[in-house]
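Here the structure is laid out as structure tokens; the discussion comes afterwards.
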Amino acid sequence: AQKVTQAQTEISVVEKEDVTLDCVYETRDTTYYLFWYKQPPSGELVFLIRRNSFDEQNEISGRYSWNFQKSTSSFNFTITASQVVDSAVYFCALTANQAGTALIFGKGTTLSVSS
Amino acid sequence: DGGITQSPKYLFRKEGQNVTLSCEQNLNHDAMYWYRQDPGQGLRLIYYSQIVNDFQKGDIAEGYSVSREKKESFPLTVTSAQKNPTAFYLCASSTSGTGRYGYTFGSGTRLTVV
């Protein structure tokens with residue numbers, strides 16, 4: 001069975017602080033894909049990143065960075081110098097490369113950034 | 001612009017009524033999905049469809065029904081059998097039936113029972 005755990009329910013930081021959102025996953029598949037989505041107050045989920053199981057390179061995109069470690073089954077997301085606009089719910093998701101499957105989401109982490 | 005359109009944005013249902021949530025996409029995606037979101041519960045899969053005229057139950061399909069008569073459309077009916085339908089409903093689509101490229105999401109429908 002596949003599972004995604006986001007242990008942090010809510011995180012509150014002050015602007016310019018760095019913050020890391022944790023994601024731990026479980027799967028028996030050797031080929032799988034991991035995702036992060038952002039859900040602002042408007043409700044629509046916005047795609048942030050996709051990573052396949054064979055690519056453990058960390059990625060940086062502006063203030064965002066992702067750390068993928070197969071040894072610990074983790075795919076953590078760090079926001080550097082957080083801003084108020086980063087306030088949202090963030091979801092980590094997992095899918096195996098199999099037809100007839102769907103993305104499995106964690107319960108999400110609500111990030112609140114205050115000025 | 002290509003995307004997914006969900007309507008209505010807000011929907012109110014009386015006890016015992018069936019209601020239908022619309023989801024239309026112009027992305028030419030084969031697969032479409034319905035998720036339900038409750039506070040603190042994340043997204044839970046209701047139904048999904050990999051191809052026209054075919055769909056599968058997700059984890060919480062009881063009290064819901066769907067149809068996929070056209071590639072572009074995947075409406076969700078919340079029936080009176082769904083005892084706790086108040087939630088935020090999200091429709092998504094993907095180019096791959098495996099979801100390996102991720103999903104594109106609509107802006108959601110918030111359903112409230114009155």
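Need the failing condition index for residue B:96 against (1) farther than 14 Å from residue B:21 by Cα; (2) facing chain A (nearest Cβ under 8 Å); (3) of a type in the set (Ser, Thr, Tyr), just the number.
Failing condition for residue B:96: (2).
Can you tell me which residues in the stretch A:70-115 are farther than 11 Å from residue A:5 by Cα, modelled with pLDDT under 95 and of a type in the set (A, V, I, L, M)?
Across the stretch A:70-115, the qualifying residues are A:96, A:99, A:102, A:103.
For the stretch B:16-26, check the following and say yes or no: at least one residue is more than 10 Å from chain A (Cβ to nearest Cβ), open to solvent by 20 Å² or more (accessible area, probe 1.4 Å) and in contact with a Gly (Cβ under 6 Å, 6 or more places away or on another chain).
Yes.
Could you pull out every one of the strands (runs of 3 or more DSSP E) wholly within the stretch B:15-114 that has 2 or more residues that are over 15 Å from the mean Cα position of the chain (by Cα) and in contact (Cβ under 8 Å) with a residue 60 or more places away in the chain?
Of the strands (runs of 3 or more DSSP E) lying wholly inside the stretch B:15-114, those with at least 2 residues that are over 15 Å from the mean Cα position of the chain (by Cα) and in contact (Cβ under 8 Å) with a residue 60 or more places away in the chain span B:109-113.
Looking at A:42, A:71 in this structure, which one is within 20 Å of residue B:93 (Cβ to Cβ), open to solvent by 40 Å² or more (accessible area, probe 1.4 Å) and over 15 Å from the mean Cα position of the chain (by Cα)?
Only one candidate passes the filter, namely A:42.
Can you find, within the stretch A:64-90, the residue that is farthest from residue B:40 (Cα to Cα) among those that are out of contact with any Asp or Glu (no Cβ under 8 Å at 6 or more places or on another chain) and not hydrophobic (A, V, I, L, M, F, W, C)?
So the residue we want is A:71.
Residues are listed down the side, and each one gets a yes or a no for (1) open to solvent by less than 60 Å² (accessible area, probe 1.4 Å); (2) out of contact with any Gly (no Cβ under 7 Å at 6 or more places or on another chain):
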{"site": "B:29", "(1), (2)": "yes, yes"}
{"site": "B:57", "(1), (2)": "no, yes"}
{"site": "B:61", "(1), (2)": "yes, yes"}
{"site": "B:65", "(1), (2)": "yes, yes"}
{"site": "B:71", "(1), (2)": "yes, yes"}
{"site": "B:76", "(1), (2)": "yes, yes"}
{"site": "B:80", "(1), (2)": "yes, no"}
{"site": "B:95", "(1), (2)": "no, yes"}
{"site": "B:100", "(1), (2)": "no, yes"}
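Of all the strands (runs of 3 or more DSSP E) wholly in the stretch A:1-94, which have at least 2 residues that are of a type in the set (Ser, Thr, Tyr)?
A:32-39, A:64-69, A:74-79
So which residues in the stretch A:82-113 are open to solvent by 40 Å² or more (accessible area, probe 1.4 Å) and either under 20 Å from residue A:58 (Cβ atoms) or more than 14 Å from chain B (Cβ to nearest Cβ) (or both)?
Matches in the stretch A:82-113: A:83, A:84, A:85, A:112.
Of the conditions (1) under 23 Å from residue A:52 (Cα atoms); (2) open to solvent by 30 Å² or more (accessible area, probe 1.4 Å), residue A:77 satisfies every one except a single condition; which number is it?
All conditions are met except number (2).
The values are calculated or read from the model by the stated rules, or taken from the named source; none is laboratory data. Keep in mind it's a predicted model, so treat the numbers as computed, not measured. So basically every Cβ, Gly included, is an ideal-geometry build from the backbone, and we count neighbours across all protein chains shown. With ligands, DNA and RNA removed, areas are computed over all heavy atoms of the protein, side chains included. Shrake-Rupley method; radii C 1.70, N 1.55, O 1.52, S 1.80 Å.
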